[in-house]
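Readers should treat all values here as calculations from the given coordinates under stated rules, not as data from a laboratory. Remember, predicted model here, so these are calculated numbers, not experimental data. Reconstructed Cβ throughout: ideal geometry from the backbone, glycine too, with neighbour counts over all protein chains shown.
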Amino acid sequence: MSVIVAVCKDDNVYMGCDTQTSFGMEMYNSLQEATYKIKKFPNGMLVGICGLVAGHQLLCSHPEIFVPDENDELTKYHLINVIVDKVTDVFREFNMLDEYGKMPVSLLIAYKNKVYYVERDFCIIHITSWGASGSGRNYAFPYLADNSLDVRERILGGLRASGGMCEGVSGPFILIDTDKLEYEVVEE
């Protein structure tokens, strides 16, 4: 259970996630960068991963997958024909696609000023304003959509609302953006 949120503003993508992980009946929060639900790759690409922990770990072990195109951009064409193809190949190799061909995770992939949502069934949505992934996403929507709030308040409001309504979501929360590319831990 998780929530990852994204807001596009001023040519940047701002993201946030919770830190809770669950295994069966056990739940814990981790503040180790290796377990963050938003992975920062060396090229500046941010990948939010919700779902099966093994799927998260597998994708994080393949930084060569998450690269921009030859023009240093993240386009829908490149996402579909390069990144998603490679993600599918990795999950197929490790027999991690389900009986319907769905992957065990959903993704929010951000680079520079673009962010895309990739659902488990490989449905791809270009997010132009705000979006969310994970079990707590619906509770975050009212805050993410509220343009009267600044970006930080929108993200934290969405994360807090998700945590208040969804047992599988809790702080501390992690914030990061495509400009500074620095993690911030917000204690709750």
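When Cα extents along the principal axes in Å is calculated for this entry, the matching label among [x] 69, 37, 23; [y] 41, 39, 27; [z] 76, 46, 45 is [y]. The DSSP beta bridges internal to region 63-143 are antiparallel in roughly 100% of cases.
Here the chain is assigned +1 on the Cβ of each Lys and Arg and -1 on the Cβ of each Asp and Glu. Its dipole about the Cα centre then comes out at about 240 debye. Between Y183, Y139, N71, the Cα set farthest toward the positive side of the dipole of the chain (charges on each charged residue's Cβ, about the Cα centre) is that of Y139.
Take the chain and mark each of the chymotrypsin sites (Phe, Trp or Tyr not before Pro) that is in a DSSP loop with at most 12 other Cβ atoms within 10 Å; the longest unmarked stretch, sites excluded, is 1-93. Here the Gaussian network model covers the chain, with springs between Cα atoms less than 10 Å apart; of E33, E119, E99, E99 fluctuates the most. In this rough spin-label picture, where each label sits 7 Å from Cα along the Cβ direction, the H62-E26 distance is 2.8 nm. Applied to region 35-44, the Karplus parametrisation 6.51 cos²θ - 1.76 cosθ + 1.60 on θ = phi - 60° returns per-residue 3J(HN,Hα) values of 9, 4, 6, 10, 8, 9, 8, x, 7, x Hz, with x for Gly and Pro. Here the Karplus curve 6.51 cos²θ - 1.76 cosθ + 1.60, taken at θ = phi - 60°, turns the phi angles of region 90-97 into couplings of 5, 5, 5, 4, 9, 6, 10, 8 Hz, with x standing for Gly and Pro.
In percent, how large is the relative contact order of region 117-170, given Cα pairs closer than 8 Å and 6 or more residues apart? All intermediate terms of the calculation are to be shown ahead of the outcome.
Working: 56 pairs, mean separation 16.0, N = 54.
Here the relative contact order equals 30 percent.
Distance between the modelled labels on S148 and K112, one decimal in nanometres: 3.5 nm (7 Å Cα→Cβ projection).
Quick one: which of K114/K180; K40/K102; K39/K86 span more than 19 angstrom between C-alpha atoms? Walk me through the numbers before you get to the answer.
Numbers: K114/K180 15 Å; K40/K102 24 Å; K39/K86 17 Å.
Over 19 Å apart, Cα to Cα: K40/K102.
Students often get this wrong: which residues of region 117-155 have the backbone nitrogen under 13 Å from the point 7 angstrom along Cα-to-C-beta of L52? Of the residues in region 117-155, 120-121 have backbone N under 13 Å from the label point off L52. Each residue, D85 and E99, gets one label point 7 Å from its Cα in the Cβ direction; the gap between the two is 3.0 nm.
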